[in-house]
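The structure appears right after this line, and notes come after that.
Bear in mind these aren't lab numbers, they're just calculated from the coordinates by the rules spelled out. Computed from a predicted structure; not experimentally measured. Quick reminder, even Gly has a Cβ in these numbers, built from the backbone with ideal geometry, and neighbours come from all protein chains shown.
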Number of protein chains: 2
Amino acid sequence: MRDDPTHLAEQVAVVLRHLVFLLRRYSAGQPLTSQQYGVLGSLEHGPRRMTALAEDHAVQLPTMTVQINRLEDAGLVARGTDPADARVRTVELTAEGRERLQNVRRSRIANLTRELAALTEDERATLAAALPVLAKLGRS
Amino acid sequence: MRDDPTHLAEQVAVVLRHLVFLLRRYSAGQPLTSQQYGVLGSLEHGPRRMTALAEDHAVQLPTMTVQINRLEDAGLVARGTDPADARVRTVELTAEGRERLQNVRRSRIANLTRELAALTEDERATLAAALPVLAKLGRS
DNA sequence: CACGGAATATTAGACAAGCTAAGTTAGTTG
DNA sequence: CAACTAACTTAGCTTGTCTAATATTCCGTG
């Protein structure tokens, strides 16, 4: 009964709700929304096309168009074109976008680090061991 | 270095993003939104007042008013009044609301259970051990 | 090479979820 | 009792998402 998947599932469901809640609290009051930071993150390693961004974030293309419009208005990304295919629009970080991304990432990591530092070493080890398992969920 | 909080924080951040993503995918296409199910869940153990619901879900009162309006229109909750204080509106599940909540919960648990069943017993144990630690995050 | 279909993106229009500010009604207190 | 406070609701805004419709470009076939 200790490792009954259904029983475990109920506990996981509770914890997941807690975590979602936490994340929402973390990102309240930031200059950009978490979705927008997510998009910036996708551009970290170079330009991407609209379709790729939409797939990355599991949204429809028009949704991504709206997001990129706003980020472009804010000067954080720039649109370009693919020389090989004029239908394709590319998107890349501006210098300011890159800076913003780094700042936010640092602040997020710092927050999390503070929370993790409050745990015991055993707890951190337990958590670290579970991360690969959590990462596996949903990949099936 | 293995248990350096900053390093761990980076990994946790990645996994959390993954989990949020997962949850969003789970709740796509359901008849109600996950927020609405969340509200139904808060009513499971009896009537609550608007302020209490808003606090539960960390939203402002007007947001909760809108949610309850929709759930009331859908026949899933009913508003009442507090006999001791006429300013207070209470909200409780209707029979249909309770049924809907149970259905969704069953289906969610079933989904999660299926995913967990695909793991090895060791992985489930690792996950189970980490749940209390995850639940501790953000409580500080 | 012209034409039709496929691919890429944007625009338009809808809805949910959140916010703040302002309004209403009902208790509470000097 | 008048003024203040508390509990909600309403109104109006922004963001994020969707689908449907449109524009533009590419490609394959006759």
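Average 1/r across all pairs of distinct alpha carbons in region B:32-136, invert it, and you get the Kirkwood radius: 15.6 Å.
For B:Val91, neighbours were defined as the other residues whose beta-carbon sits under 9 Å from its Cβ, and their charges (Lys and Arg +1, Asp and Glu -1) total +2.
With contributions of -39500 (n - 2.57) from each DSSP H run of at least four residues, the per-residue ellipticity at 222 nm computed over chain B stands at -21500 deg cm²/dmol. In chain B, the beta carbon lying closest to the axis that superposes B onto A belongs to the residue given here with its whole-angstrom distance, B:Ala130, 2.
Hydropathy at least 0.0 by Kyte-Doolittle, axial extent at least 15 angstrom from the Cα trace: which helices of chain A, defined as entire DSSP H runs, fit? For chain A, where a helix must reach 15 Å along its axis and average at least 0.0, the hits are A:5-27, A:121-136. Sparsely packed loop sites in region A:13-113 (the chymotrypsin sites (Phe, Trp or Tyr not before Pro) outside DSSP H, G, I, E and B with at most 11 other Cβ atoms within 10 Å) do not occur. If R0 equals 45 Å, the separation of the Cβ atoms of A:Arg89 and B:Val88 corresponds to a calculated FRET efficiency of about 0.25. Counting every pair of alpha carbons in the protein assembly as shown, the share spaced more than 31 Å apart comes to 40 percent. In this structure the amide hydrogen of B:Val77, modeled in the peptide plane, comes within under 5 Å of the amide hydrogens of B:Glu72, B:Thr94, none closer than 5 places in sequence on its chain. Which FRET efficiency value, to the nearest 0.05, do you get for A:Arg105 and B:Ala135 by plugging their Cβ-Cβ distance into 1/(1 + (r/R0)^6) with R0 = 25 Å? The value I calculate is 0.50. With the charge dipole of the protein assembly as shown set up from +1 on Lys and Arg Cβ and -1 on Asp and Glu Cβ about the Cα centre, the Cα lying farthest toward the positive end among the listed residues B:Ser34, B:Leu8, B:Val133 is that of B:Ser34. Reported to the nearest whole Å, the Cα centre-to-centre distance from region B:1-69 to region A:55-133 is 21.
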